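For reference, the structure discussed in these notes is given below.
Just so you know, all these numbers are worked out from the coordinates, no wet-lab data involved. Everything numeric in this text was worked out from a predicted model, so none of it was measured. So basically every Cβ, Gly included, is an ideal-geometry build from the backbone, and we count neighbours across all protein chains shown.
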Amino acid sequence: MTRFRPGAVLLFCFTVFSAVSAAQTAHLPAGDPAFACNRECLEGILQQYLDGLASKRPEQVPFAQGIRYTENNVEMPIGEGVWGTIAGLGDYRLTVADIEQGQVGFYGLLHEPKSSSPFALRLKVVNKRITEAEIVVLRYQDEPKGIVWPEPTLEYKPLFHQDLPPAARRERARLISIADGYFDTLQLNDGTLFTQFHPQCNRIENGTQTTNNTKVAITSVGSLGCEEQFKLGNYRYDDRLRGRRFPLVDVDRGLVMAGGFIDHSGRMGRYTLTDGREVDSPIRYPHSFYLLELFKIDDGRIRQIEAVFVTVPYLMPSPWDKH
């Protein structure tokens, strides 16, 4: 396996590669049907990215000139970060594609020398070249020691890969509104619902099912379903759902991929649930969660959620807000 090390060699090679890529694509008009990317095309480009990442060979990936790359909300050159430490990819695969916007997303597992980590990835493709790459890698050893996550269970979920019957589909704007309503429900959660949940709704966070799971000790409501948790006002310590973005929507499958931050001021101590119980907030210091979260929406109701998020400095801004 060829080792691709960051530094002067990397920057030189990537500059040359970018120049070649630019020359190859300069004559391609944006949105030209001849260069449109369907689901198979987007997933093929995603696979090229994953293969290049796993082999530490970014020169094999079809990047556009001026590619923008962020890892855990920090902008950096391709070849830095996980590109230098990855030891391989796991078997878990969850892919989502937005043909209209030229976006493709992925949830999986990657290996580094001393850890294995769930990750989420978003790519933007223009004229079959990657113009944006955004990755969130959850390294458990970097997370707060006060939160103990159960053993993650990354299992294939057929729901995410199935087309919805036409009657159960919703238009793009409506799907985004439903996902945005989830964030409204989570923000300063007081028991009010601003979206609708399927009776069988489940949520996976960083590889762990945090609904209908008696092993979850992160909150007092881990054994409950999505709607029941929110009706109790359990997440009142979530101060803001900030920087919300909805870059990827798959209408046929009812999927919305969202990005953003959950801000925690850490000020709240003991609070009262809507059933009268008093509980202690598990979060008592300022920080934010940076997330890429996927929603499966069936007949206007949230059916399944998959999220990867990492802790970042409190109120940290997003590089993607600059453009």
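For a label point 7 angstrom out from the Cα of D142 toward its Cβ, which stretches of the stretch 276-301 have the backbone nitrogen within less than 15 Å?
Inside the label zone: 288-292.
Would you kindly state how much longer the chain becomes between E155 and Q200 on full extension, computed as 0.36 nm times their sequence separation minus their alpha carbon distance, in nm to one decimal? Numbers along the way, then the final one.
Working: separation 45, 0.36 × 45 = 16.20 nm, distance 1.69 nm.
Between E155 and Q200, full extension yields 14.5 nm more.
Rounded if a/c is under 1.5, else prolate if a/b is larger than b/c, else oblate: which is the stretch 101-211, with a ≥ b ≥ c the root eigenvalues of its Cα gyration tensor?
Judged from the Cα gyration tensor, the stretch 101-211 comes out oblate (a/c at least 1.5, b/c at or above a/b).
Show me the chymotrypsin sites (Phe, Trp or Tyr not before Pro) within the stretch 52-85 that DSSP assigns to loop and that have at most 16 other Cβ atoms within 10 Å of their Cβ.
none
Would you mind counting up the charge near L46? Only other residues with Cβ under 15 Å from its Cβ, with Lys and Arg at +1 and Asp and Glu at -1. Don't skip to the end; give the middle numbers.
On the way: positive: R39, R93, R122, K124, K128, R129; negative: E40, E43, D51, D98, E132, E134, D250.
Residues close to L46 contribute a combined charge of -1.
Would you mind checking the pairs K128/K322; K56/K124; K231/K296; K56/K114; K231/K322; K157/K322 and listing those with alpha carbons more than 26 angstrom apart? Working shown, then result.
Numbers: K128/K322 24 Å; K56/K124 20 Å; K231/K296 20 Å; K56/K114 17 Å; K231/K322 36 Å; K157/K322 35 Å.
Listed pairs above 26 Å: K231/K322; K157/K322.
Over the stretch 158-322, what is the percentage of antiparallel beta bridges among all DSSP beta bridges, to the nearest 5?
85 percent
Extending each Cα 7 Å along its Cβ direction at Y271 and Q48, get the distance between those two points in nm, one decimal.
4.7 nm
Which shape class, rounded, prolate or oblate, goes with the stretch 158-322 when its Cα gyration tensor gives a ≥ b ≥ c as root eigenvalues, a/c under 1.5 marks rounded, and past that a/b bigger than b/c marks prolate? Numbers along the way, then the final one.
Details: a/c = 1.93, a/b = 1.31, b/c = 1.47.
It is oblate, given that a/c is not under 1.5 and a/b is not larger than b/c.
What is the distance in Å between the Cα centres of the stretch 183-223 and the stretch 64-124?
26 Å
Within 10 Å, count the other beta carbons around each residue, average over each peptide in 167-178, 256-267, and list them highest first.
Working: 167-178: 15.2, 256-267: 20.7.
Peptide ranking by packing, descending: 256-267, 167-178.
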